[in-house]
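Derivation of every value follows stated rules applied to the coordinates shown; laboratory data play no part. Only a predicted model underlies this, so the values are computations on that prediction, with no experimental measurement involved. Counting neighbours? That spans all protein chains shown, and the Cβs are built from the backbone with ideal geometry, glycine included.
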Amino acid sequence: MIGEATDMRKRMRASVVMVVAACLLPAGLTFAQTPPASPSAGQASKRVCVDVEIDGERALSYDCLSRQLAPTVPADVAASQSAAQALANGPSNRVGTFNLSAERNRFGANWGKSITPQRP
């Protein structure tokens with residue numbers, strides 16, 4: 001049991017060292033390279049998310065994926081909305097309007113039977 005844990009630590013250290021070396025090696029070689037050509041006006045540069053795999057375990061880049069999935073709002077649309085309009089379009093539990101699931105939770109067994117909530 002202890003020997004297995006020691007072997008696992010050694011393998012983990014070796015894989016971490018290899019990943020760090022793989023990341024640092026290309027960084028040292030970039031000084032000799034010419035800068036890449038900038039994309040033309042017709043081509044949009046697409047950002048790529050990098051996933052890391054160590055000993056068969058994948059570590060996803062969730063912050064990168066979240067940025068890619070976030071809706072893009074054009075600047076003119078965002079500027080045309082006032083702060084009050086932006087708040088009014090928010091979720092019902094933030095705006096303070098009726099929310100069915102919250103009311104059912106609050107009234108509990110009294111939902112549809114009484115005007116007195118089961119919970120405050």
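Output yes when any residue across region 49-63 is over 30 Å from A14 (Cβ atoms) and of a type in the set (V, I, T), and no when none is. Working first, answer last.
In the first step, residues of region 49-63 are kept if they are over 30 Å from A14 (Cβ atoms); the result is none.
Within region 49-63, none of the residues are over 30 Å from A14 (Cβ atoms) and of a type in the set (V, I, T).
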Check your understanding: Which of the residues spanning region 55-73 are part of a helix (DSSP H, G or I) and hydrophobic (A, V, I, L, M, F, W, C)?
Key -> C64, L65, L69
Check your understanding: How do the pairs read when you match residues in region 50-75 that are surrounded by 10 or more Cβ atoms within 10 Å (Cβ to Cβ) with residues anywhere that are aliphatic (A, V, I, L, M) and assigned to a loop (DSSP other than H, G, I, E, B), using Cβ under 8 Å and keeping only pairs 6 or more apart or on different chains?
Key -> D51/L60; S61/V50; C64/V50
